[in-house]
Every structure is written in C-alpha cells, then in structure tokens.
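Data first, discussion second: the structure below is written as structure tokens.
The values are calculated or read from the model by the stated rules, or taken from the named source; none is laboratory data. Here the structure is a predicted model, which means the values were calculated and not measured. Cβ coordinates were reconstructed from backbone atoms using ideal geometry, including for glycine residues, and neighbour counts include every protein chain displayed.
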Amino acid sequence: MIYDALWLVPLLPLIGFVCLTLLGGWLSRRAMAVLGVGSVALATALAFTIGYTFLTRPPATGHCTEVIGSWLAVGNLHVRFGLYLDALALVMMLVVTGVGLLIHLYSATFMAADSGYRRYFAYLNLFVASMLMLVLADNLLLLYLGWEMVGLCSYLLIGHDYADPVNGRAARKAFVVTRIGDAALLVGLLLLLAHWGTLQIQPLLGLAAQGWANGSALATVAAALLLTGAVGKSAQLPLQVWLPDAMAGPTPVSALIHAATMVTAGVYLIARLHTLFELAPAVQHAVAALGALTLLLASCSALLQRDIKRILAYSTISQIGYMFLALGVGAYAAALFHLMTHACFKAVLFLSAGVVINALDEEHDIYHMGGLGRQLPGTSLAFLTGAASLAALPLVSAGFYSKGLILAQTWNAPGMGVWLWTGGILGTLLTAIYIFRAFFVAFLGRPKSHARCGATAAEAVALVVLAALSVTAGFVEIPAGLGGGVQAFTGLVASALPPGPQPAHTGNLPALLELIASLTAVAGVLTAYYFFRYRPPAATAAGAHPITAAVGRLWQSGWGFDWAYERLFVRPLVMFTRANRHDAVDALFTGIAAGSRALHRGLSRTQTGRVRWYAAGIACGSFILIALMVLP
C-alpha cells in the first residue's frame, strides 16, 4: 500500500541533508545540486503519488496513521514517531514539497556562485524535512520538534552570508523574537500533557471536547498559549517585527521559508488544533481581530517601502493576516485555500524579484529600476501574474477565489463579521495599490539601469510553473455567486475541518459581495496607475504635506514597533547585563569558594613543623573538650 511509504517523504530530504553535510567535501557543485534538488524531487514525486491515491482511493476513515517506532516511554507517557495523513496534512505536504522543489531548482543556478553552496543546500534540505515532519506529525512532541527545527533552519538560512553583520543581526532577531512564541507554545503543550496525560493529537482533541466546557479557564489559557506560538512563527502582531529584516537572507530563502512554508506553520497549528480554539471563544475572536489588524497595518507599511523584498515581506505579513482572520471566524477551509494560493503567487513574486536584483547587481530600490518590462519581459510577466493574484484581480487570478472565499465567510460570521469584512475589503484595496505601485515603478516607465542578465533555464522553469499556478490554482473553488459552484477544495478538506460560517440569507448577496471585492481590487490597481504611472508628481505632492509625511515615516518604519521594542526591552536588558556583567548570582558561589580558600590559608599556617606547638594544641583542645563535658 502506498500509504506505507509515507515515512519516506520527510526522510528523503533528510538523507540529502546528511549526505551533503558528510560527503559534500568530495562532491562537485553539479553533484551537490543534483543531490540537493534530487532528494526533494523524489520526496515530491512520492508525495504526489500518495496524494493521487488519497484522492482516488481515500482511506475508509478519511485518514491513515503510520507508526515508525517508539520515541519516549516514561511511566504512562508513550510518545512515538508517528505520521498522520488526512486532507489537511495532505494539502500542506503537497505545498511544502511542490513549492519546495521549484525553489530548489531555482536555487541551483541562482546560488551557483555562492561560496557556501553546499551549506546552503544542506540547510534547505533540512528545512524541507523539518517542515514535513511538522505537518505530518501525529503527536504534539514530534510537531514541536519540527517546529523548532524550522526555526533553527530559518536562523541558519537568513544568516547564510554571515560575513555581513546585517545578515547576522537579522538572523538573531528572527531567532530571538520567534523564541517568545515558541516558549509559550511549549508551556501550552505541557499544560495539555499535564491535564490530559497524552500528546497524541486526535485523542487529545477528543478528550478536550468531552472534558472541557465551552469557555472554561483551562481551555482559554491553553488556546492563548498556542496562539502566542502561532503569532510568533507566522509574524503576526505584536511579534511581526522579525520578518521584514529576514529579507537579508538569499531571495530563494525568502520565497521558501518566509512566504510559502514556515510562516504558515502558525496557520496550520490553529487549523490542526481547531477544537481547542472553538472551546475558547475569546481566544478565537482574538485570532480574527489580530488577523484583521495585522493585515491592515502591514498593508499600510508596504505602501511606503522602497526595497522590493521588503514590500513583499510586509505583503506576506498582511496575507497571513487574512488567514488568521479566516481562522478566527471558523472559516478553516478558506484559510487553508488561501495558504495554498499564497504559496504559489508569493513564491513567484519573490523569485521574480530575485532575478531582477541579480540582473541589476544587487539593487533593491524600486525607484532605481524602471523599464524592466522591456529588458526582462519574461520576468516582468511572471511578476505581473503574481501581482494580479496577490491583488485578487477578478476571474483571472487564484488569489481572487481564495481571498473572496475568506471575505464571503467573514461576512457570514455572527457578531463582528461585517466589521471584519470591512477591514478585509480595505486590505484588498491597499494590497492592489502597493503591489501595482511596485510593478509600475520597477517594470514600466523609463529605464534607470541596465539589466546585465535574465533568468537562467532552471529559474525560468520555476517562474513559469509558479506563474501558471498563480492563475489556475483558484479554479478548484469557484463560488456559486459566479455561477460555477465548484467546491473541490472545500469538499476535499471537509473530512478534516468543520465547515465555515454559512450565509443567513440567499439571493443575490453572494454575487454582490464578489462584485464589491472585484471592484475594490480594480480600484486599487487604477489608483496605483494614477499616482505612480499616469501622474507621479501627484504622489510626490501628497507625500510632501507635513501630516502625510509624518504618517508616511510611521508606516515606513513598520508603525514604530522596532523603535518601541528597542526602548522598552532591548536597551533595559542591555543596561542590566552590563551592570550585572559579573553576575550577582555567581557572586554567591564565588564567595563560598573564596571563603574556603581563606579558611585553607588560615589552617595551613598552623602547620609549622614544631612538635611543641602541636603538643600545646593537643593539650588546649583536650582541656576545652573536658570542660565542655564537665560544665553544665
């Protein structure tokens, strides 16, 4: 049975990592690329074979479990190396392997001149293996192992060019900020273990559903701790500050880790443990509110960035915000659908940006570009395809269908649904403006620099496939409001996730919501065209006003979060460590050691070698001992 080979999917890239680490010194660069790309290609082929079998001959129970062996057996606690495949894990596995393979292929030539070629592919293979372990784990301890490993790989890959201090600082920042969420996640897992005595995900969710009342304190605390972990890994407020700086790493790393896979780990965690969040309504509402606030604040920041990769970084934060918004209103399938389409169109945007940066000798500023559509037509078209999908242009982009599903189900959510929908619509407008601002400024107009090269054959293959998916991936879910009524994706994940909010009325409302979302996206593109292509002086004049200039500086700095954290946390901690550089705690132990040495020196002075002094000492000691015994 093909499901019995599931364990090979994460193992193959892990073997690639081990071979590159141990044998890479004897391999040519071509052999390194073949090993690095080939191991992920084999895992991808196996994953898609398993996926085809799952779709055509699904397991009778809707899922299957494969136990590789025992990991821990302590008292009543038994943790195993077990893999769990259902529709949710299947989608994540296909996204990780499929997009991961294309980015590996792109990296083979993009990183060809890099001195750390072997190290780069080894870490990239390890990342893919870790992410697959995370999404396929059948218990929370194995999931947490994958969770920490992707964090480690992120640190190593962001700081790949560690000779540059900027990269080292960005890697440390990502590692430290995400540790905050990881620590909270660990506490949450320990709380669940202490209360229910198991870390197996499915039994744990069943016990929680039966044993915890809706809104109970323990359920709320556990869900809040899990949410903190998801917020850190997925770069949501208030722990979003690491992601823009992480763009210091190589562009393929940004495409794989910080757009398509690692930052979606928090989305996967909430979807996988959705039962716990449904038992804590206050936390689930917080998920939706955080998502809506994050998508708006990040979109505003993206409007003012000049670095093409930072524009895409803030865009990633914003789009993950849409996924959190969907999770918070119970639209789990919609969140997962947008996760899938986002992996395609954001990867093609990052990889297109990588070709541009490489062609312009590491130029990142969009205002130093211009006219690239004529110099790099293929790359320009790929970027345009990704931009259209990100902006959710109607009918012709995958992002239109996935974002439209989120907005429709948000509207249907009880309570604050209409207000959250309004925030999502405003985010759609801002998204279309900032991404087409980047396109109009960088790819149209008068050339400001000469592109010395274009995409290689391997890079072009990755761009073409991802661009095609950015258009077609949305056709698996066409809403009834558009006359399609295709629900292949939601039908697939229905066995693993509960249905989203259902409309209170029927009639023309779904079509009207689709129309509003479509017109909003088109309005954003037209706004960007007017200010950044048709009349650029109007944008300059608007930004020159003192109030708009001050707001612009705030948005460009990421709403001042780094400034605030620097003064609230970093500087006080640095001051404390400097004042405590000798470590007050250690002073206690060094004092004990110093006292022991002083006592030794004092006693050693009594060893004079004179017998009469020894005899006198014995006599005095005997006198004192007798006196103590005789006296009352």
**Residues of segment 153-201 satisfying the condition of being under 30 Å from Ser216 (Cβ atoms), hydroxyl-bearing (Ser, Thr, Tyr) and in a helix (DSSP H, G or I)** = Thr178
**Asked** Scanning for something of a type outside the set (Lys, Arg), assigned to a helix (DSSP H, G or I) and within 15 Å of Val253 (Cβ to Cβ), does segment 137-144 turn up at least one residue?
**Response** no
**Message:** I need a count of the residues in segment 497-538 that are more than 16 Å from Phe440 (Cα to Cα) and either in contact with a Cys (Cβ under 7 Å, 6 or more places away or on another chain) or of a type in the set (Phe, Trp, Tyr) (or both).
**Reply:** 0
**Message:** For the structure I just gave you, tell me whether Ala122 is of a type in the set (A, V, I, L, M, F, W, C), at pLDDT 95 or above, in a helix (DSSP H, G or I) and under 30 Å from Gly454 (Cβ atoms).
**Reply:** yes
**Prompt:** Considering only residues of segment 532-590 that are in a helix (DSSP H, G or I) and of a type in the set (D, E, K, R), which is surrounded by the fewest Cβ atoms within 10 Å (Cβ to Cβ)?
**Reply:** Arg578
**Message:** For Pro501, only one of the following conditions fails: (1) of a type outside the set (A, V, I, L, M); (2) surrounded by 15 or more Cβ atoms within 10 Å (Cβ to Cβ); (3) in a helix (DSSP H, G or I). What is its number?
**Reply:** (3)
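The rows are residues; the columns are (1) in contact with a Ser or Thr (Cβ under 6 Å, 6 or more places away or on another chain); (2) under 30 Å from Ser318 (Cα atoms); (3) of a type in the set (A, V, I, L, M, F, W, C).
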residue	(1), (2), (3)
Phe569	no, yes, yes
Gly595	no, no, no
Arg610	no, no, no
Phe623	no, no, yes
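Per-residue answers, yes or no, for (1) outside the structural domain of Ala87 (by TED's automatic domain parsing); (2) buried (at least 22 other Cβ atoms within 10 Å of the Cβ); (3) touching a Leu at 6+ places or on another chain (Cβ under 8 Å):
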| position | (1), (2), (3) |
| --- | --- |
| Ala259 | yes, yes, yes |
| Val263 | yes, yes, yes |
| Gly266 | yes, yes, no |
| Ala271 | yes, yes, yes |
| Thr275 | yes, no, yes |
| Ala288 | yes, yes, yes |
| Ala292 | yes, yes, yes |
| Leu295 | yes, yes, yes |
| Ala298 | yes, yes, no |
**Prompt:** Are any of the residues in segment 202-216 part of a helix (DSSP H, G or I) and among the hydroxyl-bearing types (Ser, Thr, Tyr)?
**Reply:** no
**Fill in**
In segment 372-428, anything in a helix (DSSP H, G or I), farther than 19 Å from Phe489 by Cα and among the small types (Gly, Ala, Ser) is listed as Gly373, Gly378, Ser380, Ala382, Gly386, Ala387, Ala388, Gly417, Gly423, Gly424, Gly427
**Item:** Lone qualifier among Ala438, Ala458 - being within 29 Å of the chain's Cα centre (by Cα), part of a helix (DSSP H, G or I), under 30 Å from Leu303 (Cα atoms) and among the small types (Gly, Ala, Ser)
**Value:** Ala438
**Asked** Quick check: is even one residue across segment 236-243 among the aromatic types (Phe, Trp, Tyr), closer than 26 Å to Pro501 by Cβ and in contact (Cβ under 8 Å) with a residue 12 or more places away in the chain?
**Response** no
**Request:** Please enumerate the residues belonging to segment 227-257 that are part of a loop (DSSP other than H, G, I, E, B), crowded, with 24+ Cβ neighbours inside 10 Å and in contact with a Phe, Trp or Tyr (Cβ under 7 Å, 6 or more places away or on another chain).
**Result:** Ala235, Gln236
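Just a yes or no: is a residue in segment 326-349 under 22 Å from the mean Cα position of the chain (by Cα), of a type in the set (Gly, Ala, Ser) and either closer than 27 Å to Leu526 by Cα or not assigned by TED's automatic domain parsing to the domain that holds Val464 (or both)? Give the steps one after another, and end with the answer.
Looking only at segment 326-349, we keep the residues that are under 22 Å from the mean Cα position of the chain (by Cα), and these are 326-349.
Next, from what is left, pick out any that are of a type in the set (Gly, Ala, Ser): 326, 328, 330-331, 333-335, 343, 347.
Filter once more, so that each one left must be either closer than 27 Å to Leu526 by Cα or not assigned by TED's automatic domain parsing to the domain that holds Val464 (or both): 343, 347.
Scanning segment 326-349, I find at least one residue that is under 22 Å from the mean Cα position of the chain (by Cα), of a type in the set (Gly, Ala, Ser) and either closer than 27 Å to Leu526 by Cα or not assigned by TED's automatic domain parsing to the domain that holds Val464 (or both), so the answer is yes.
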**Request:** State all residues of segment 13-28 that are at pLDDT 95 or above and of a type in the set (Gly, Ala, Ser); if no residue qualifies, say none.
**Result:** Gly16
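For (1) assigned to a helix (DSSP H, G or I); (2) more than 28 Å from Leu190 (Cβ to Cβ), each residue gets a yes or a no:
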{"residue": "Val18", "(1), (2)": "yes, yes"}
{"residue": "Gly36", "(1), (2)": "yes, yes"}
{"residue": "Ala41", "(1), (2)": "yes, yes"}
{"residue": "Pro59", "(1), (2)": "no, yes"}
{"residue": "Thr65", "(1), (2)": "no, no"}
{"residue": "Ser70", "(1), (2)": "no, no"}
{"residue": "Leu90", "(1), (2)": "yes, yes"}
{"residue": "Gly100", "(1), (2)": "yes, yes"}
{"residue": "Ile103", "(1), (2)": "yes, yes"}
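Pull up segment 363-394, narrow it to residues that are in contact with a Leu (Cβ under 8 Å, 6 or more places away or on another chain) and of a type in the set (A, V, I, L, M), then point me to the one that is nearest to Ile320 (Cα to Cα).
Within segment 363-394, the subset in contact with a Leu (Cβ under 8 Å, 6 or more places away or on another chain) is 368-371, 373, 378-380, 382-383, 386-387, 390.
Next, from what is left, pick out any that are of a type in the set (A, V, I, L, M): 369, 382, 387, 390.
On the way: Met369: 28, Ala382: 22, Ala387: 16, Leu390: 12 Å.
Per the criteria, the residue is Leu390.
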**Request:** Could you tell me whether segment 159-180 includes any residue that is touching a strand residue (DSSP E or B) at 6+ places or on another chain (Cβ under 7 Å), surrounded by 21 or more Cβ atoms within 10 Å (Cβ to Cβ) and outside the structural domain of Leu336 (by TED's automatic domain parsing)?
**Result:** no
**Prompt:** Taking segment 301-312 as the region of interest, how many residues are over 14 Å from Leu237 (Cα atoms) and in a helix (DSSP H, G or I)?
**Reply:** 7
**Message:** Can you pull out every residue in segment 35-62 that is out of contact with any helix residue (DSSP H, G or I) (no Cβ under 8 Å at 6 or more places or on another chain) and surrounded by 15 or more Cβ atoms within 10 Å (Cβ to Cβ)?
**Reply:** Pro58
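With respect to Asp138, is the statement that it is within 20 Å of Ala353 (Cβ to Cβ), in contact (Cβ under 8 Å) with a residue 24 or more places away in the chain and assigned by TED's automatic domain parsing to the domain that holds Met92 true? Break it down into steps so the answer makes sense when it comes.
Details: within 20 Å of Ala353 (Cβ to Cβ): no; in contact (Cβ under 8 Å) with a residue 24 or more places away in the chain: yes; assigned by TED's automatic domain parsing to the domain that holds Met92: yes.
Here the answer is no, as Asp138 does not meet what is asked.
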